[in-house]
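Nothing in this text is a laboratory measurement; each read-out follows from the coordinates by a stated rule. Here the structure is a predicted model, which means the values were calculated and not measured. No Cβ is skipped: glycine too gets one built from the backbone with ideal geometry, and neighbour counts run over all protein chains shown.
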Amino acid sequence: MIKTAVLTISDSCANGIRQDLSGQTIIDLLPDDKFQVCRKIVLPDDFQKITDELIRLSDRESIDIVFTTGGTGLGPRDVTPEATVSVSEKIVPGFGEIMRAEGLKKTPNAVLSRGTACLRKNTLIVNLPGSPKAVRESLEIILNVLPHALEMMHGGGH
Amino acid sequence: MIKTAVLTISDSCANGIRQDLSGQTIIDLLPDDKFQVCRKIVLPDDFQKITDELIRLSDRESIDIVFTTGGTGLGPRDVTPEATVSVSEKIVPGFGEIMRAEGLKKTPNAVLSRGTACLRKNTLIVNLPGSPKAVRESLEIILNVLPHALEMMHGGGH
Amino acid sequence: MIKTAVLTISDSCANGIRQDLSGQTIIDLLPDDKFQVCRKIVLPDDFQKITDELIRLSDRESIDIVFTTGGTGLGPRDVTPEATVSVSEKIVPGFGEIMRAEGLKKTPNAVLSRGTACLRKNTLIVNLPGSPKAVRESLEIILNVLPHALEMMHGGGH
C-alpha cells in the first residue's frame, strides 16, 4: 500500500469559510487497493506552515506520496510551488508539464497553473491545482504512473 | 486597462544597426481596448541593464505586464531568461512551455528558445522570442489568458 | 565537425556488471559526417565525479556537445540532472520538455524522466534517458536541431 497524505492549501478552507472539496476529491479518486490515505490536512497559504508540514510528512512520517491541492496560481497568497521547491531534493518537472499540457486541451487558463513535483527523501510531493474539477482532471492524468514512480524511488523499476 | 511595457533586448537594435521590428510587432498585436503601452524601451544584451530595468518597471512604475523580446537563444550574449529569473519572485513555467510546444509545430528550432515568465510584485514579466515572426506566433498563443492572469494577480479569478 | 563526448552514468556499467549499450547507441545514431565522438566515458552515479567530468569536458577539452545517458530517473542514486544544473551557466529547458512530451506518446512513464540540458561556456550538455530504447527515441527527436544550436552558440544563426 502506498502511504498517502492529502494537503489542502487554502486560506478559506483553513479558516472554515469554504468546505475542502478538492482534498476530498483526491481521496475519492485514489483506488483504495493501492493507496492508503494516512493523513488529511488543511493549511492556510502560508509558506512556513506548508514547508514545515511537508518536511514533517517526509522526514518523520515517511509518507510515500503527498498530494497538495491549492496555492498554485498567480494570486498574491499562492506560494505552494515555492514551498515545494524549497523542501525539494530533486525536482520532477514532468508532472507539472503534463498537467499543463493536458489541461490546455480543456481550458487555456491551464497555462497559469504553476504546480511542480519533487522528491524529498523517500517522499514524492505532487502539486495539484485548486479546484475540484482541475484536481480530478490532473490526478487522472498522472495516477497510472505513480506505482512505477514509487518502485523507482525504492531502487527498483529498471 | 492593462499597463504594459515592451522591452526589446538586442545589441544591434540598441546601437542603431537594426530597426526594432519585434517591439513594434508586440505593440501592433495588443488590442488597444485592453492594453495601454506605457513604455517602449530598447536595451543591449546586458544582464545588469536588463535586471535594473525590470526592477524599475515593476517596483517604481507598477507596470502590469512587461513583454521582453530578444535574448532568449543560445548565443553568448543571450541572457534574458537569466535576468528574468534573477528578479523573479514566482516563476510561471507554463508560458515558456506552451510557446515552445506550439512553436515546434512550425519549426523544430523552437526547442532552443529558452524564454520563461515570472511574477515580481504586481508585475508579470513574459519573455517572447526575438524575431518578429516568432514574436507574433508566441504572443497570439498567450494573449487570451493575460486578462485572467492579471485578475488572479490582483486577488480575483477564483 | 561537432566535437562530441558521450558520458554514460550508471553504477552497474561503471563496475562492469552491465555492458554500456546506451552509450554505444548514441554513437551509432550520430551521423559521422557531422559528429566526431572524441570521448566515451563511463561513470558511476556519483554527483562529484559527474560534475568534475562535465567541467573538464567543457573547460579543458572544449567539447561542443556532451550527451549523458542514465541517472535521470527517481532512484535514490539518480543525480544526473542535479549534477548538470550545478555546472550550468544557462538552462535550455526545451530539450527535456520535448523528450518527455514525445516520450509520452510511447510510454506514460516518460513523465518520470527528469533530464534537462544546459550551456556551460561553449559546451551544450544534454541529458538523455538511460535505456537504449529511450536513448534512441529521445536522440532522434532532437538530432536535427543540434547543428543550428551549435551555430547559435558560436554567435551565428540569426
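For B:ILE27, which of the numbered conditions (1) part of a loop (DSSP other than H, G, I, E, B); (2) under 15 Å from the mean Cα position of the chain (by Cα); (3) more than 20 Å from B:ASN122 (Cβ to Cβ) fails to hold?
Answer for B:ILE27: the failing condition is (1).
When residues of segment A:86-99 are filtered for being surrounded by fewer than 18 Cβ atoms within 10 Å (Cβ to Cβ) and either on the phi > 0 side of the Ramachandran plot or in contact with a Ser or Thr (Cβ under 7 Å, 6 or more places away or on another chain) (or both), how many remain?
Number of matching residues: 1.
Check segment A:100-107 and report whether any residue there is of a type outside the set (A, V, I, L, M, F, W, C), more than 12 Å from chain B (Cβ to nearest Cβ), part of a loop (DSSP other than H, G, I, E, B) and within 27 Å of B:ARG120 (Cβ to Cβ).
no
Just to be sure, is A:VAL42 outside any loop (DSSP other than H, G, I, E, B) and farther than 25 Å from C:GLY103 by Cβ? Even if it seems obvious, please write down each step before you answer.
Working: outside any loop (DSSP other than H, G, I, E, B): yes; farther than 25 Å from C:GLY103 by Cβ: yes.
The answer is yes for A:VAL42.
Considering every residue within segment B:63-72, establish whether at least one is away from chain A (no Cβ under 14 Å), under 12 Å from the mean Cα position of the chain (by Cα) and part of a helix (DSSP H, G or I).
First, pick out the residues of segment B:63-72 that are away from chain A (no Cβ under 14 Å): B:63, B:66-72.
Add one more test, that the residue is under 12 Å from the mean Cα position of the chain (by Cα), and what stays is B:66-72.
Okay, now just the ones that are also part of a helix (DSSP H, G or I), so none.
There is no residue in segment B:63-72 that is away from chain A (no Cβ under 14 Å), under 12 Å from the mean Cα position of the chain (by Cα) and part of a helix (DSSP H, G or I).
Tally up the residues in segment A:100-149 that are of a type outside the set (Val, Ile, Thr), within 19 Å of C:PRO81 (Cα to Cα) and crowded, with 20+ Cβ neighbours inside 10 Å, please. It would help to see each step written out before you state the result.
We begin by selecting, within segment A:100-149, every residue of a type outside the set (Val, Ile, Thr); these are A:100-106, A:108-110, A:112-115, A:117-122, A:124, A:127-134, A:136-140, A:143-144, A:146-149.
If we keep only those that are within 19 Å of C:PRO81 (Cα to Cα) too, we end up with A:117-122, A:124, A:149.
If we keep only those that are crowded, with 20+ Cβ neighbours inside 10 Å as well, we get A:117-119, A:124, A:149.
Result for segment A:100-149: 5.
Has segment B:57-68 got at least one residue that is closer than 17 Å to B:LEU150 by Cβ and either hydroxyl-bearing (Ser, Thr, Tyr) or free of Cβ contacts under 8 Å to residues at least 24 places away in the same chain (or both)? So that I can check it myself, show each step before the final result.
First pass over segment B:57-68, keeping only residues closer than 17 Å to B:LEU150 by Cβ: B:57-58, B:61-67.
Subset that is either hydroxyl-bearing (Ser, Thr, Tyr) or free of Cβ contacts under 8 Å to residues at least 24 places away in the same chain (or both): B:58, B:62.
Among the residues of segment B:57-68, at least one is closer than 17 Å to B:LEU150 by Cβ and either hydroxyl-bearing (Ser, Thr, Tyr) or free of Cβ contacts under 8 Å to residues at least 24 places away in the same chain (or both), which makes the answer yes.
Checking the conditions here, which among B:LEU119, B:LEU143 is within 14 Å of chain A (Cβ to nearest Cβ) and part of a helix (DSSP H, G or I)? Give the derivation first.
Numbers: B:LEU119 fails: part of a helix (DSSP H, G or I).
When all the criteria are applied, what remains is B:LEU143.
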